[in-house]
Amino acid sequence: MRELIKGLKFLFLTLFAYLFQACAMQYLAIDSVTASLPFCTLAVFTVTLGKKYTFCASCIIGILMECMLGNVPAMYAIAYPVIGMLGAQAFSDRSERQKEKRLERSMNIQKKGKGPALLIARLQQIEIPALLRIPLCAMLMDLIWHAVMCIYMYLIGVEISWLHFTRLFSAVCYTGVLTAAVMIPMRWFLGMYRRKKKARQAEEEDELPASDADEEDTNEEDASSPSTEAEYDEDYLYPEEGDWL
């Protein structure tokens, strides 16, 4: 049942991100620059749920945009899943084995590398908090998307000017601000904070019985030690005089 509810919430946020971006985001434009709510949602999925949900959501949004808004054949259908997985690869949570391999790799680079390699190795050792990784992930996805669009415009003959780069920078910053505003409500809707609260309560409940059990064991040992000594004294038989010889 929990997995079903989680899947419905995931699907609702995915469809809502697409519909709001297609229908209402234009009314929130600042100087004709709009943010990307789909990338905000994908960034939240990346850090909160994992790569699988990010890939599924990026495929759904890419297919919907390809069907409804696509001007270039297969642009959205290909770009969104690829960009989503690049962001997930950079900012998703890693397992303990992956963290150990990454730490060993960075340590080897520190011993051998110099200059940029050494800087990258030190950056890899930094653990970035989740609430900081989400905006950075969304901004990275939006940056890649706008870079792809600029390259496409250049290839079809449009002259790229500083205006395009300023709009790119403004759009990426707008996406980061929007992500910072919506990520906490989205994570709460997905039940992230409720799970943390339950986990803390479970840890506290596990610690209390353990201490009580230790006290009971200590009391039992203290109570059993006198009886053991008494039994030993009662059962002990002094040897007779003939046994000493």
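The values are calculated or read from the model by the stated rules, or taken from the named source; none is laboratory data. All values derive from a computational prediction rather than experimental measurement. Counting neighbours? That spans all protein chains shown, and the Cβs are built from the backbone with ideal geometry, glycine included. Areas reflect the complete protein model, heavy atoms only, side chains present, ligands, DNA and RNA absent. Shrake-Rupley method; radii C 1.70, N 1.55, O 1.52, S 1.80 Å.
Quick notes
- Residue selected from the stretch 64-82 under the condition open to solvent by 30 Å² or more (accessible area, probe 1.4 Å) and in contact with a Leu (Cβ under 9 Å, 6 or more places away or on another chain), by the criterion modelled with the highest pLDDT: 64
- Taking the criterion of being exposed (fewer than 13 other Cβ atoms within 10 Å of the Cβ) and either under 32 Å from the mean Cα position of the chain (by Cα) or of a type outside the set (Val, Ile, Thr) (or both), the residues of the stretch 148-168 that qualify are 151, 154, 155, 157, 159, 161, 162, 163, 165, 166.
- Considering 30, 63, 5, 78, the condition of being in contact (Cβ under 8 Å) with a residue 60 or more places away in the chain and out of contact with any His (no Cβ under 8 Å at 6 or more places or on another chain) is satisfied by 30 alone.
- Of the helices (runs of 4 or more DSSP H) that lie entirely inside the stretch 17-99, those containing 3 or more residues that are touching a Pro at 6+ places or on another chain (Cβ under 8 Å) and either more than 30 Å from residue 163 (Cα to Cα) or of a type in the set (A, V, I, L, M) (or both) span 51-68.
- Test: residue in the stretch 17-26 that is open to solvent by less than 30 Å² (accessible area, probe 1.4 Å) and within 22 Å of the chain's Cα centre (by Cα): yes
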